[in-house]
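One structure below.
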Amino acid sequence: MKVKITSNPAPAHWGDKALVSLTGNDITIHIRDDADRLRSIRKAARQIDNLGIPSVTLSGEWSVIDQVTFVMSFSKARNPGEVTLCDNAERAEAERQVTAMMFTRKLTNDTPEQLSPVGLAQESADWLQSLNGDAVTYRVVSGEQLAAEGWAGIYNVGRGSERPPAMLELDYNPDGDPEAPVAFALVGKGITFDSGGYSLKSSEGMLDMKCDMGGAATVTGALGLAIMQGLNKRV
């Protein structure tokens, strides 16, 4: 089904405040207040998803942020759905942003059973190398090697687990010059399993503890997006 966006109100039979209307195979999102545009798009995307529609195509006038907002609200971690972006001049940038955000979401939502510290580091490095392998080099420091190199904090926090703690050191150097200055440094903490809140958190609160790797996932997604956008600075 096609989804378009308009500032016109919905037909009267849908009600004065209808955010979404359907006509045949077309779905229309009605934005009443442009200042509240993105919130309205998020809400509309969830309404459309709740109708059980598995795939949609965005049509008409959608900006990059409009499209990204819709995709991230229509899709879920367990049920990503299928969204075809607008076939316009901004599609390439929208695809880049969606790719980075989907990777970040997936990594954040992986369970401790699926993702160990070394696995988190390796998956992040593999994805970044897939975007520009010639410009990305890395090493994973793990287990006793952390202690040997003086990374006492990471080592001591994670050494009690059967899965060793790990740190990813990654260098994005598009010029390939080893003497090139580093323009930016990104640091993200990624805890794949944390039992420290067992006696403090409610059952509902425990569900989000798997997202403690969100910091590492976010900086990985941010660098990945910058690489896809053609960043020419060393990070």
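Could you tell me which of the residues SER202, SER142 is crowded, with 19+ Cβ neighbours inside 10 Å and among the polar types (S, T, N, Q)?
Working: SER202 fails: crowded, with 19+ Cβ neighbours inside 10 Å.
Criteria check complete, one pass: SER142.
From the list GLY158, GLY133, which one is under 30 Å from ARG96 (Cα atoms) and at pLDDT below 95?
On the way: GLY158 fails: under 30 Å from ARG96 (Cα atoms).
Residue meeting the stated conditions: GLY133.
Just to verify a result, which residue in the range 38-47, among those that are in contact with a Ser or Thr (Cβ under 9 Å, 6 or more places away or on another chain) and buried (at least 18 other Cβ atoms within 10 Å of the Cβ), is nearest to PRO11 (Cα to Cα)?
Filtering the range 38-47 for residues that are in contact with a Ser or Thr (Cβ under 9 Å, 6 or more places away or on another chain) and buried (at least 18 other Cβ atoms within 10 Å of the Cβ), the one nearest to PRO11 (Cα to Cα) comes out as ALA44.
What residue, among those in the range 84-108 that are surrounded by fewer than 16 Cβ atoms within 10 Å (Cβ to Cβ) and without any contact (Cβ under 8 Å) to a residue 24 or more places away in the chain, is farthest from GLY188 (Cα to Cα)?
Among residues in the range 84-108 that are surrounded by fewer than 16 Cβ atoms within 10 Å (Cβ to Cβ) and without any contact (Cβ under 8 Å) to a residue 24 or more places away in the chain, the one farthest from GLY188 (Cα to Cα) is ASP87.
Looking at this structure, is LYS17 part of a loop (DSSP other than H, G, I, E, B), basic (Lys, Arg) and touching a residue at least 24 places away in the same chain (Cβ under 8 Å)? Let's see the steps before the verdict.
Numbers: part of a loop (DSSP other than H, G, I, E, B): yes; basic (Lys, Arg): yes; touching a residue at least 24 places away in the same chain (Cβ under 8 Å): no.
When the stated conditions are applied, LYS17 does not pass them.
Could you tell me which residue of the range 71-117 is farthest from the chain's Cα centre (by Cα), considering only residues that are among the hydrophobic types (A, V, I, L, M, F, W, C) and assigned to a loop (DSSP other than H, G, I, E, B)?
My answer is ALA89.
Quick one: would you say ASP49 is touching a helix residue (DSSP H, G or I) at 6+ places or on another chain (Cβ under 8 Å) and touching a residue at least 60 places away in the same chain (Cβ under 8 Å)?
Details: touching a helix residue (DSSP H, G or I) at 6+ places or on another chain (Cβ under 8 Å): yes; touching a residue at least 60 places away in the same chain (Cβ under 8 Å): no.
No.
For the range 58-78, does any single residue satisfy the condition of being in contact with a helix residue (DSSP H, G or I) (Cβ under 8 Å, 6 or more places away or on another chain), modelled with pLDDT of 90 or more, farther than 22 Å from ALA100 by Cα and surrounded by 12 or more Cβ atoms within 10 Å (Cβ to Cβ)?
No, the range 58-78 contains no residue that is in contact with a helix residue (DSSP H, G or I) (Cβ under 8 Å, 6 or more places away or on another chain), modelled with pLDDT of 90 or more, farther than 22 Å from ALA100 by Cα and surrounded by 12 or more Cβ atoms within 10 Å (Cβ to Cβ).
Quick check: is even one residue across the range 134-146 out of contact with any helix residue (DSSP H, G or I) (no Cβ under 6 Å at 6 or more places or on another chain), within 30 Å of GLU93 (Cα to Cα) and part of a helix (DSSP H, G or I)?
yes
The values are calculated or read from the model by the stated rules, or taken from the named source; none is laboratory data. Every value quoted in this text rests on a predicted model; they were computed, and no experiment measured them. As a convention, Cβ positions derive from the backbone with ideal geometry for all residues, glycine included, and neighbour counts pool all protein chains shown.
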